[in-house]
Structures are given as C-alpha cells and as structure tokens.
C-alpha cells in the first residue's frame with residue numbers, strides 16, 4: 001500500500017476521525033504493513049505488548065482462553081491497551097482469514113498521541129464505548 005492509499009484508508013478508520021491530512025500523513029509514515037495467514041495467533045493473552053494493529057482486510061477473533069470475546073474486521077484496531085498502560089495483553093487475537101494489517105509500534109504511537117489531541121480524544125471515546133459494550137453484555 002503506497003502512502004496515499006494508507007492516508008485514504010486511515011481517514012476512514014474511526015480512531016483517526018477528525019485528523020488533518022498532515023496528521024494522517026505522519027501516521028501513514030510510521031505504520032508498517034504486515035500480513036498473517038488464516039488461523040494465526042497475532043497477540044497472546046498475558047504477553048507484554050509494545051505494538052497495536054489496525055485491520056485493513058480480513059477478520060480476527062478476540063478470545064480469552066477458548067472463550068470468544070468478539071470479532072473484528074476492516075478498520076477495527078486492537079492491541080492498544082497494552083501500549084497505553086504497559087500491562088499484559090488482556091486477550092488473544094487469532095486470524096479467521098488471511099489478514100492484512102497496519103502495525104504501530106508503541107514509541108511511534110506515543111509520539112503521535114502526545115502532539116495530537118484529536119487522536120487522544122478519539123481513543124478515549126472508543127475505549128469508553130468498548131467498556132460500555134462489555135459492561136452491557138456482562139449484565
């Protein structure tokens with residue numbers, strides 16, 4: 001994916017909503033494109049994580065042990081909690097199909113987050129929505 005295609009993709013990812021073209025260009029410069037075949041564990045529960053992913057294409061399952069917690073598809077992201085608090089991964093993520101993703105390393109993510117209030121606000125909103133959904137399904 002060339003940088004202009006990355007920018008076009010990123011502007012449609014809810015996490016980056018409201019960011020300017022210049023800000024999206026900075027994000028496009030730091031992401032790394034990676035591919036995983038079907039039935040591959042990308043993230044393992046309890047591992048320490050220093051990167052997050054944004055799904056370009058494909059579908060992944062989020063699970064704790066053998067219990068499925070959810071599924072994610074294009075424009076969804078995962079792995080952000082560990083790079084925010086340096087804690088262990090809260091769940092495993094396994095591909096359900098061949099997946100194309102963008103990987104953001106912790107150091108690069110923090111550099112963007114510190115200078116970009118729009119990204120910080122989007123991240124807080126999305127994490128709050130996920131928490132609400134989790135609490136609603138638990139009750």
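Across region 52-75, the number of residues qualifying as in a loop (DSSP other than H, G, I, E, B), farther than 18 Å from residue 28 by Cβ and touching a helix residue (DSSP H, G or I) at 6+ places or on another chain (Cβ under 9 Å) comes to 0.
With the requirement that a residue be within 12 Å of residue 53 (Cα to Cα) and crowded, with 18+ Cβ neighbours inside 10 Å, what does region 77-108 give you? Working first, answer last.
At the first step, the residues of region 77-108 found to be within 12 Å of residue 53 (Cα to Cα) are 77-83, 93, 99-106.
If the condition is that a residue be within 12 Å of residue 53 (Cα to Cα) and crowded, with 18+ Cβ neighbours inside 10 Å, then 77, 78, 79, 80, 82, 83, 93, 99, 101, 102, 104 are the ones that fit.
Yes or no, residue by residue, for (1) touching a residue at least 40 places away in the same chain (Cβ under 8 Å); (2) more than 17 Å from residue 11 (Cβ to Cβ); (3) more than 15 Å from the chain's Cα centre (by Cα):
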site	(1), (2), (3)
26	yes, no, yes
53	yes, yes, no
73	no, yes, no
78	no, yes, no
87	no, yes, yes
90	yes, yes, no
106	yes, yes, no
115	no, yes, yes
120	no, yes, no
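When region 29-51 is filtered for residues that are in a loop (DSSP other than H, G, I, E, B), in contact with a helix residue (DSSP H, G or I) (Cβ under 7 Å, 6 or more places away or on another chain) and closer than 21 Å to residue 85 by Cβ, the ones remaining, listed by number, are 49, 50. With respect to the conditions (1) in contact with a helix residue (DSSP H, G or I) (Cβ under 9 Å, 6 or more places away or on another chain); (2) surrounded by 15 or more Cβ atoms within 10 Å (Cβ to Cβ); (3) not in a loop (DSSP other than H, G, I, E, B), residue 19 lacks only one, and its number is (3). In the set (1) part of a loop (DSSP other than H, G, I, E, B); (2) closer than 25 Å to residue 5 by Cα, the condition left unmet by residue 90 is number (2).
Where a number appears in this text, it was derived from the coordinates with a stated rule and is not lab data. All of these numbers come straight from a predicted model, not from anything done at the bench. Heads up, the Cβs are rebuilt from the backbone with ideal geometry, glycines too, and the neighbour counts pull from every protein chain shown.
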